[in-house]
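What follows is a set of notes on a single structure, which appears directly below.
Any read-out appearing in this document is the output of simple, stated calculations on the displayed coordinates, not a laboratory observation. Since the model is a prediction, treat every value here as computed from it, not as a measurement. Cβ: placed from backbone, ideal geometry, glycine included. Neighbour counts: every protein chain shown.
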Amino acid sequence: MRLANALVGNPDGYAVFETTLFGPSLRFEAAAVAAITGAPAPIVVGGRSVDFGRSFVVAAGETLQLGRATRGLRSYIAVAGGFDVPETLGSRSTDTLSGLGPAPLAAGDVVGIGCPGDARPEVAAPSDVLASVLPDAGRPVRVLLNSSSGVFSDAAVEALTASDFVVSPQSDRVGVRLAGPVIERVGSAEAPTEGMVTGAIQVPPDGAPVVLLADHAVTGGYPVIAVVASADLPMVAQARPGTALRFRAVSVAEARKAWADAEERLASVRTSGR
């Protein structure tokens, strides 16, 4: 999302469209600069192909068609000025679990361009920057172990970090369910309800871990064995059902450096593109 906004000169928080596996067909009533990142897919604008991960102009009256993702799961469509959707609690996202935020897009919807209160943006020239569209696949996902829970034995931690897990079809924006070795808990009592962060790896009674994603509940009672480093959350969110994931424990310092490196790459896109 942030890369797509950077490519069209938007601040990070401007609204974009998120697609899952398949893209939409969008008819533009006015000219705009757009960019699509995330899971790569063929893009056709007015009958011509355009590059994925690079900004481009859509003329008034033209239709943008985004095809099926060739790898990964979620793509992000940004336009200069952002999409005009109302804020709810400071966010323009659709929260699928709570029902807060704008309704999911449906056929025939008309969405304005330009955030509420902003002037209609000028149509700028597209950028020549080609952004990386997906995180590196195949390497282990970095996690921070929750050493203070007291619920997991050394064997459980070993099972998490020394085995492959497979993404279950029962996954969505709330969380990614994983199939693989059973993560055994010490005792049968549930943990007290506590705040949950995005990337937390919860372990339900069946021992099959769940990685919490963007629409997770704000609290939970299942114990947390680890938390995915923020820089590697896209690897989990872009993993299709059937994808194998492996986890690697890292220090807080390593997780912070990974995030700083990701921020540096994003800054280079902004600097080069505008």
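Numerical summary
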| item | result |
| --- | --- |
| Ranked VAL85, VAL186, VAL211, criterion: other C-beta atoms within 10 Å, fewest first | VAL186, VAL85, VAL211 |
| HN-Hα J in Hz across segment 61-72 - Karplus 6.51, -1.76, 1.60, θ = phi - 60°, x for Gly and Pro | x, 7, 10, 9, 10, 10, x, 6, 4, 7, 7, x |
| Ranked list, fewest to most other Cβ atoms within 10 Å of each Cβ, for GLU264, GLU184, GLU62 | GLU264, GLU184, GLU62 |
| Point-to-point label distance, ARG248-PHE22, nm (Cα→Cβ direction, 7 Å offset) | 3.7 nm |
| For segment 141-269: Kirkwood Rh in Å [reciprocal of mean 1/r, alpha carbons] | 14.9 Å |
| For VAL143, distant residues with modelled amide H under 5 Å away | ALA229, ARG248, ALA249, VAL250 |
| Taking the convex hull of Cα positions in the chain, its mean projected area over all directions (nm²) | 14.8 nm² |
| Potential extension, ALA191-ASP12 segment - 0.36 nm per residue separation minus Cα distance | 60.8 nm |
| Total formal charge among the other residues, if their Cβ is under 14 angstrom from that of ALA253, Lys/Arg +1 and Asp/Glu -1 | +1 |
| Projected label distance in nm at VAL166 and ALA59, using a 7 Å step from Cα toward the beta-carbon | 4.9 nm |
| Most mobile of THR63, THR94, THR219 in a GNM of the chain (Cα contacts under 10 Å) | THR219 |
| Cut-off under 5 Å, modelled amide H: who pairs with GLY112 long-range | ASP84 |
| Extension gain from ALA106 to VAL174, taking 0.36 nm per residue of separation minus the Cα-Cα distance | 22.4 nm |
| Spin-label proximity, SER147 to segment 229-260 - amide N less than 18 Å from point 7 Å beyond Cα toward beta carbon | 229, 248-257 |
